[in-house]
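The values are calculated or read from the model by the stated rules, or taken from the named source; none is laboratory data. For clarity, every value in this text was computed on a predicted model and none was experimentally measured. Glycine gets a Cβ as well: all are built from the backbone with ideal geometry, and neighbour counts include every protein chain shown.
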Amino acid sequence: MKWYPYFVLCMLLTACQTFTQISLSFSESQVEAWTAKSFPIQKQDKLFTVILQNPKVFLSEGSDRIGIQVSIEGSLLQTPLLSAKGFIEGELLYKPEKRMLYLTHFSIQELSLSSRAGKEGSPSYNAKSLLGSPVTSLLQGELKEIPLYQLDARSLGKGPYSIKQVSVKNGRLVIVLSLL
């Protein structure tokens, strides 16, 4: 009978944990629609312009990150020089004061630049070396946070939540929030 109080305590803790968590599930198309609202993203300097557009979201089974493929257009002195594809990954951040989910902490997984006129020695061939750095800078510097989704205050109830777990299951983004 000495174990009985511990058993009751474990049951109570398990029950409390169940009631202090909220599980949310979103489809890839929902996440893509939210992400698309933040695009196109443009960085302009005296010499170059870089534009990220046409985001395509990828949810990889078992991952805790969200992948985004983007089209990249680059120009030098307003002359279109390159188009490219980039694949970036970001993680979710939840800001309780705004009840908002953000995509943040991006990392570049792939960046494939291709000149428009691609002959060696031509100005567009050198575009890779001229604009490769601005493209990388845009992906790493300008893309701080992409607002995704604002949670409904009624569904959250009272209390500040934090992200406990993020994973992709059966093609859906599953987010578990728990009380702080």
* From the list 14, 20, pick out the single residue that is at pLDDT below 85, surrounded by 15 or more Cβ atoms within 10 Å (Cβ to Cβ) and of a type in the set (Val, Ile, Thr). => 20
* Asked: Within the range 74-96, how many residues turn out to be without any contact (Cβ under 8 Å) to a residue 60 or more places away in the chain and more than 13 Å from the chain's Cα centre (by Cα)?
  -> 13
* Can residue 95 be described as basic (Lys, Arg), modelled with pLDDT of 90 or more and either surrounded by 15 or more Cβ atoms within 10 Å (Cβ to Cβ) or within 30 Å of residue 22 (Cα to Cα) (or both)? -> no
* residue 69 passes all but one of (1) surrounded by fewer than 16 Cβ atoms within 10 Å (Cβ to Cβ); (2) part of a strand (DSSP E or B); (3) in contact (Cβ under 8 Å) with a residue 40 or more places away in the chain; (4) not basic (Lys, Arg); which number fails? -> (3)
* Does any residue in the range 32-53 that is part of a helix (DSSP H, G or I) come within less than 7 Å, Cβ to Cβ, of a residue that is among the β-branched types (Val, Ile, Thr) six or more places away or on a different chain, and which pairs are these? -> 32/57; 35/57; 35/68; 35/146
